[in-house]
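The values are calculated or read from the model by the stated rules, or taken from the named source; none is laboratory data. Just so you know, these numbers come straight off a predicted model, no measurement behind them. Please note: Cβ atoms are built from the backbone with ideal geometry, for glycine as well, and neighbour counts cover all protein chains shown. Each accessible area value is taken on the protein alone, full model and side chains, heavy atoms only, with ligands, DNA and RNA left out. Shrake-Rupley method; radii C 1.70, N 1.55, O 1.52, S 1.80 Å.
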2 protein chains.
Amino acid sequence: MSDKQVVVVGAGFAGLNAAKRLGNVPGIAVTVIDRENHHLFQPLLYQVAMAALSPADIAAPIRSLLAKYRNIRVLKATAQSIDTVNRKVVTDSDVGDVPYDYLLLGCGAQHAYFGHEEWEPHAPGLKSLPQATEIRRRVLEAFEIAERESNPEERRRQLTFIVIGGGPTGVELAGAIGEMSRFTLDRDFRSIDPRQTRVILVEAGPRILTSFDDKLASRAMRDLESLGVQVWTGARVTDVTSDGVVIGNDKIAAATVLWAAGVRAADIGRSLGAALDPAGRVITKSDCTIEGHPEVFVIGDMSSRAGSNGRPLPGVALVAMQEGVFAADIIKKEVRSGAPVTRPAFEYVDLGQMATIGRSRAISEFRGWKLTGVPAWWFWLLVHIYRLSGFRNRLSVLVHWAWSYITFERGARLIIAKDWQSYPDKAASPGNS
Amino acid sequence: MSDKQVVVVGAGFAGLNAAKRLGNVPGIAVTVIDRENHHLFQPLLYQVAMAALSPADIAAPIRSLLAKYRNIRVLKATAQSIDTVNRKVVTDSDVGDVPYDYLLLGCGAQHAYFGHEEWEPHAPGLKSLPQATEIRRRVLEAFEIAERESNPEERRRQLTFIVIGGGPTGVELAGAIGEMSRFTLDRDFRSIDPRQTRVILVEAGPRILTSFDDKLASRAMRDLESLGVQVWTGARVTDVTSDGVVIGNDKIAAATVLWAAGVRAADIGRSLGAALDPAGRVITKSDCTIEGHPEVFVIGDMSSRAGSNGRPLPGVALVAMQEGVFAADIIKKEVRSGAPVTRPAFEYVDLGQMATIGRSRAISEFRGWKLTGVPAWWFWLLVHIYRLSGFRNRLSVLVHWAWSYITFERGARLIIAKDWQSYPDKAASPGNS
């Protein structure tokens, strides 16, 4: 009997953990398809945007992570749709369609603008490395422009940073800008005082960090304010332009606007023909598969399903990792027994959640424990160092953090030009070869 | 009496060292103008191109490096020309022209295609960070395409890498590709054997590394060959296209071609009205100034001048650093005495030169000593770690090197998309804001 073909689409937390679980299992051949060559440690992506870490510190090649599993091959290609009838993944690459016996679909989510995609050029979101380095470029460039600027009004606009969305990402971005302007850039400018920077965190709802306990969220708000961040709750953004942001009838001039307000599941989910929730997530059964297709698992941020408490599972790494392992275990069992098995329901083991607010401050909930301030920050640091995949990244991140902690410096304060050509006029730019 | 205005254009090795020398000197106000926000440690740029280091590991913000000197301000702007009559630097920024009493011009060089600028899209050179990450992307992507490719001819083309130019940069690039394909990528692919990679180093002259002793160059050539690099000397490239390279009448199909064959001084030198050499370098007097303008110093790779042995000074960091310090000392002396002083002639203290060839091998000449193999490589490593500016970069690079040395891994194997927008069709791309 030939090996069962398991195709994993997306090497995020869900897909990578599923693939590892299936690594070197007899009777199973795995193909991992991802359009990137690297797995991204998303929880630290904001640190790349805030010039604290380099892209390579939070990304590891998928091939390296899976090299030791001889039954896994990695295909760098974009999956375009799923043909559930003929059981194959349609890709854009020369290899064409990839047939499967089991499919694990975990392509994650991207930020969404609630129908205002025209805001994106003015308010980048934070889901990928190119977005992170673009945000880094904009934030650092704003200080450079302010330093050269003689018009006080324009200088004020350059020094105004608006972060839209009061979830963990928005809080982490706003806190980091506040901290960076107060401590890191402090000595480096002559004409401006970086401490005059205005950082505004805008949230449409009545409070920030709604997934957290009220007390912890209040503490986070006080921590933000101590870094000079203004927190505006109940403020709904009605327009974003190249000049700034409109909230109700007020126009706030700001050169840098960052978007952390909403997500939408990857488009490929639509091709399954299954029911979707309003954010485009695929509604899955208790065993993480879709109706009528016990061979198709949808895992991670792409899937929508209520937890045992009736509330929808949050779009966090821990859920994705556990779902990946859960789905892989069902496949292993069925391949071993050679027949369909009774499937358990996925149970999320909620270990907690956390968010950092600048230097030395955080909030965390862990198995009922609640921590704030410096202890929460140390706990956050330990957990993230521990979870970083690959020893080298971990060591490198530790070195960078230790250095930043001691010196208040940021290690990756780079503004890098987008274009690499020195002679742009003399030759047409070719396609990516 | 007001402070003497010293303007430093370009924060490379020459300009940065000149500025530091003038830091906190009474009676002198310094403006450093650079179009980038960072100083780049060019000798390790090939390691970024070869996925061993991250851009931030070899770049440090100019502002941070000079923050402690309160008489220095840094201006991120592009200097467009020099008005030597009215003694000012014309910039593209809002600050307009920057007047000077003394000018230190050190804008370096870029690669040149000897009148074939149309080759650049097919054969990037290595002078900047965007070029380094573009080369990284091309090299890594070639292996990915080869893995998916079923046509053996096209697969062979994807696995053929041609490096044009047998100087230190060409040797380092070719050696690193040879090493990477043999050791690092070894286990990671299923359909291709990365060891079947062809790496060809093409040199028009009779031998590689002409600035080195003949014996050392021969040793480097043997080291390259042991990594599978073919060295073709006396081979003149007559065309570079998207398919590959033409040498004489032979067409060699190659998906990746890298250019390390020639340099040309920065264009701004032309605006001085001084004599230029064929590579566009400004011909300077023995005190590093130009004829008729004792207040204009041209330093580093932009200048052309014979050393005491009659041969032109090489375009290396050591010359640039020494020239920067030399010019700054003359300015300090004149400002202190309040009148022109008798100027000494610049004397280059030649400490030697070195080049690495992949893992554990190098050649070096140091004060008459000649080293090869592993000792030369350790010596190379110590010198470069020592010279890296900024403790954090140094520590980070050490960690990355140690890790790579033990594991044969490369820490920055990232293929990063160029475009950051998720919704590219729905909104026009704005200018850089």
Exercise. To the nearest whole number, what is the average tally of beta carbon atoms from other chains within 10 Å of the beta carbons of peptide A:56-65?
Worked result: 6
Exercise. Equivalent-ellipsoid semi-axes (√(5λ), Cα gyration tensor) for region B:1-121, whole Å, largest first?
Worked result: 28, 20, 11
Exercise. Averaged per residue, what accessible area in Å² does the protein assembly as shown show with a 1.4 Å probe, protein chains only?
Worked result: 40
Problem set entry | Of B:Pro344, B:Gly292, B:Ala174, farthest towards positive along the dipole that unit charges on Lys, Arg, Asp, Glu beta carbons give the protein assembly as shown | B:Pro344
Problem set entry | Rounded FRET efficiency, nearest 0.05, which uses the C-beta distance separating B:Arg190 from A:Arg236 and R0 of 45 Å | 0.30
Problem set entry | Extension gain from B:Val246 to B:Asn309, taking 0.36 nm per residue of separation minus the Cα-Cα distance | 18.9 nm
Problem set entry | Three semi-axes of the equivalent ellipsoid, region A:195-265, Cα gyration tensor, whole Å, largest first | 22, 17, 11
Exercise. Over all Cα pairs of region B:213-356, how is the pair count split among 5 Å bins, expressed in % and running from 0 up to the last occupied bin?
Worked result: 2, 8, 14, 14, 14, 13, 11, 9, 7, 4, 3, 2, 0
For this session: In whole Hz, with x marking every Gly and Pro, tabulate ³J(HN,Hα) for region B:357-362 from phi via Karplus 6.51 cos²θ - 1.76 cosθ + 1.60, θ = phi - 60°.
Result: 10, x, 7, 6, 10, 7
For this session: Could you pull the copy-to-copy label distances for A:Ser242, with points set 7 Å along Cα to Cβ, in nm to one decimal and sorted shortest first?
Result: 3.1
Problem set entry | Relative contact order (%) - chain B, alpha-carbon pairs under 8 angstrom, separation at least six | 19
For this session: Could you tell me the largest-minus-smallest coordinate of the C-alpha atoms of region B:147-258 on each of the three principal axes, in descending order and whole angstroms?
Result: 44, 32, 16
Exercise. Name the chain B residue with the Cβ nearest the axis that maps B onto A: which is it, and what is the distance in angstrom?
Worked result: B:Ser54, 2
For this session: Note down the nm distance, to one decimal, between modelled labels 7 Å out along Cα→Cβ at A:Arg207 and at B:Ile406.
Result: 4.6
Problem set entry | Qualifying lysines (Cα of each under 17 Å from Cα of A:Lys68; at least 8 residues distant if same chain) | A:Lys20
Problem set entry | FRET efficiency, A:Tyr386 to A:Thr342 (Cβ-Cβ, R0 41 Å, nearest 0.05) | 0.75
Exercise. What shape does region B:59-114 have by the C-alpha gyration tensor, where a ≥ b ≥ c are the square roots of the eigenvalues, rounded means a/c under 1.5, and otherwise prolate means a/b greater than b/c and oblate the rest?
Worked result: oblate
Exercise. Counting pairs of alpha carbon atoms under 8 Å apart in space and at least six apart in sequence, what relative contact order in percent does region B:83-136 give?
Worked result: 18
For this session: Find every distance from the label point of B:Pro206 to the corresponding label point in the other copies (7 Å from Cα along Cα→Cβ) and write them in nm, one decimal, shortest first.
Result: 8.8
Exercise. Taking the simple approach of a point 7 Å from Cα along Cα-to-Cβ for both B:Ala417 and A:Ser271, what is their distance in nm?
Worked result: 1.6
For this session: Would you mind listing the distances between the A:Ala279 label point and the same position in each other copy? Use 7 Å along Cα-to-C-beta, nm, one decimal, shortest first.
Result: 5.7
Problem set entry | Largest-first ellipsoid semi-axes for the protein assembly as shown, taking √(5λ) over the Cα gyration tensor eigenvalues, angstrom | 48, 36, 22
Exercise. Which order, highest average first, do A:54-64, B:22-32, B:185-195 follow once you tally other Cβ atoms within 10 Å for each residue and take the mean per peptide?
Worked result: A:54-64, B:22-32, B:185-195
For this session: Report, for chain A, the % of DSSP beta bridges that are antiparallel, rounded to 5.
Result: 50
Problem set entry | Distant-in-sequence amide H partners of B:Ser304 (H built 1.01 Å from N, under 5 Å) | B:Val282, B:Ile283, B:Thr284
For this session: When you have a sec, figure out the Kirkwood radius of chain A from all distinct Cα pair distances and drop it here in Å to one decimal?
Result: 23.1
Seminar exercise, completed: The answer for A:Thr91, listing residues at least 5 apart or on another chain whose modeled amide H is closer than 5 Å to its amide H, is A:Gln80, A:Asp97, A:Val98
Exercise. How large is the charge dipole for region A:2-130, taken about the Cα centre, if only the Cβ atoms of Lys, Arg (+1) and Asp, Glu (-1) carry charge, to the nearest 20 debye?
Worked result: 700
Exercise. Averaged across the residues of B:198-211, what count of C-beta atoms belonging to other chains lies within 10 Å of each residue's C-beta?
Worked result: 0
Problem set entry | Beta bridges by DSSP in the protein assembly as shown, antiparallel share as percent, to the nearest 5 | 50
Exercise. Between region B:199-269 and region A:125-167, how many Å separate their Cα centres?
Worked result: 43
Problem set entry | Shape call, region A:352-399: gyration tensor on alpha carbons, a/c limit 1.5 | oblate
Exercise. Counting partner chain Cβ atoms within 10 Å of every residue's Cβ in A:329-335, what's the average?
Worked result: 0
Seminar exercise, completed: Taking the alpha-carbon centre of each part, the distance from region B:31-84 to region A:327-365 in Å is 45
Exercise. Rounded if a/c is under 1.5, else prolate if a/b is larger than b/c, else oblate: which is region A:312-423, with a ≥ b ≥ c the root eigenvalues of its Cα gyration tensor?
Worked result: oblate
Exercise. Which whole-number percent is the relative contact order of region A:1-99 (Cα, under 8 Å, 6+ apart)?
Worked result: 27
